[in-house]
Amino acid sequence: MTTVEVPHGSRSAVLRVAAVINETADACSLVFDVPEELRERFTYQPGQFLTLRIPSELTGSVARCYSLASSPHTDDRPKVTVKRTADGYASNWVCDNVKAGDELEVLPPSGVFTPKDIDEDLLLFAAGSGITPVMSILKSALARGSGRVVLVYANRDVESVIFANELRELGDKHPQRLIVVHWLETLQGLPSVAGLAALAAPYTGHRAYMCGPKAFMDRVHDALAQLGVPRNRTHAEVFNSLAGDPFSVTAPAEVSEAEAADAATVEVELDGEVHNLSWPRSQTLVDIMLAKGIDVPYSCQEGECGSCACTVLEGKVDMDSSDILDPEDIEAGYILGCQAHPVTDHLKIQF
């Protein structure tokens, strides 16, 4: 049995695995018990993810982000789904080793792949394990929203379809609101731009969400662009393996007197509170907020997860890395707090 005596950082918690569900031959779901005292910290939005600390004999541990397939509106416990990947240490370890009763160290829910309006008509695209956050959004929209939901779900074959029974049951329960279209490579080949465009054409007024391999999402983007769907009405979830350790907080380096004197000032709004901070130009926004004990949302501090996305209302920043943001996001003022350094002397930023 896997047990964790204490968390390795102040932000993480140890959760007990209540159940392990074998979804397909190469995918399983972990259902977590959340103690009453942690309920508020582990409240989540549809489409968010948990970061798990996976033990490793080589490095001590690795951190991996796994999307929540459960819905906060329909499920009593949070559930993440993990699909084996070729040579993927963490995913294979989870599927081979984790059992009910085990304990894992987990960071609170994070991520911005969440619908702003649950009542909108939604056009959802998923491929393989990309169904995980999409399923959370789909179930939430059907349970609490009023719009119609269309899901285009691509897989290798019938046996690879995760949540097949649950999707069938939801279709039977909501026949007027849910349409599920399966794309199977063994029958139809790889998803094509033309084929995806044909499926999406009747639903160009819907807001689109997508998750899956990059090649799949590139084709979805191209298909929607051909149909004239505005880029600001399409939302993509992208995950990369984390190289760092988000479970430990590293204090930012000391700044010189000259740098402190040249620091910018920033007004940061987070959860309805406004914080006025000094921002040395060598440090990131997440760095300075953590140093002040502010519970800023972040996971990786590497610009790979989008958890620390926020909006610049006044001023300008430079970012070390912004690959996870679309050009339209950057134009709209979105930045990554863990990658941002001040350019102007005063800034106003909102989370």
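The values are calculated or read from the model by the stated rules, or taken from the named source; none is laboratory data. All values derive from a computational prediction rather than experimental measurement. Note: ideal-geometry Cβ built from the backbone for every residue, glycine included; neighbour counts use all protein chains shown. For the accessible areas, the whole protein counts, side chains as well, though only heavy atoms, and no ligand, DNA or RNA atoms are used. Shrake-Rupley method; radii C 1.70, N 1.55, O 1.52, S 1.80 Å.
Remarks
- Taking the helices alone, the chain has a mean residue ellipticity at 222 nm of -6000 deg cm²/dmol, built from -39,500 (n - 2.57) per DSSP H run of at least 4 residues and averaged over all its residues.
- Distant-in-sequence amide contacts of ARG64, defined by a placed amide H-H separation under 5 Å and a gap of 5 or more residues or a different chain, comprise LEU52, ILE54.
- Region 151-293 - share of DSSP beta bridges that are antiparallel (%, nearest 5): 45 percent
- Amide H contacts under 5 Å for VAL317, placed H, 5+ residues apart: VAL343
- Shape call, region 64-192: gyration tensor on alpha carbons, a/c limit 1.5: oblate
- Listed by chain and number, the aspartates and glutamates whose C-alpha is less than 13 Å from the C-alpha of LYS214, apart from same-chain residues fewer than 8 away, are ASP222, GLU237, ASP323.
- One compactness figure for region 136-273 is 1.50, namely its Cα radius of gyration divided by 2.2 N^0.38 Å.
- Seen from a random direction on average, the alpha-carbon convex hull of the chain projects onto 18.4 square nanometres.
- Accessible surface of SER146 - all protein chains present, 1.4 Å probe, nearest 10 Å²: 80 Å²
- Residue among GLN283, GLN339, GLN176 with the largest mean-square fluctuation in a Gaussian network model of the chain, springs linking Cα atoms under 10 Å: GLN176
- Among the GluC sites (Glu not before Pro) found in region 217-326, those both in a DSSP coil and sparsely packed, with 15 or fewer other Cβ atoms within 10 Å of their Cβ, are GLU254.
- Gain upon complete extension [ARG16, GLU185; 0.36 nm per residue less C-alpha separation]: 57.1 nm
- For the chain, the fraction of 1.4 Å probe accessible surface lying on carbon and sulfur atoms is 47 percent.
- Ligands, DNA and RNA are left out, and with a 1.4 angstrom probe the accessible area of the chain is 47 Å² per residue.
- Across every direction, the projection of the convex hull enclosing the Cα atoms of region 210-311 has a mean area of 8.9 nm².
- Only beta bridges with both residues in region 246-351 are counted; by DSSP, about 75 percent of them are antiparallel.
- Database remark: amide H of THR85 closer than 5 angstrom to the amide H of SER91, ASN92 (H placed geometrically; neighbours at sequence offset of 5 or more, or on other chains; Pro and chain starts carry no H).
- Net charge of the neighbourhood of LEU270, taken over other residues with C-beta under 14 Å away and scored Lys/Arg +1, Asp/Glu -1, is -3.
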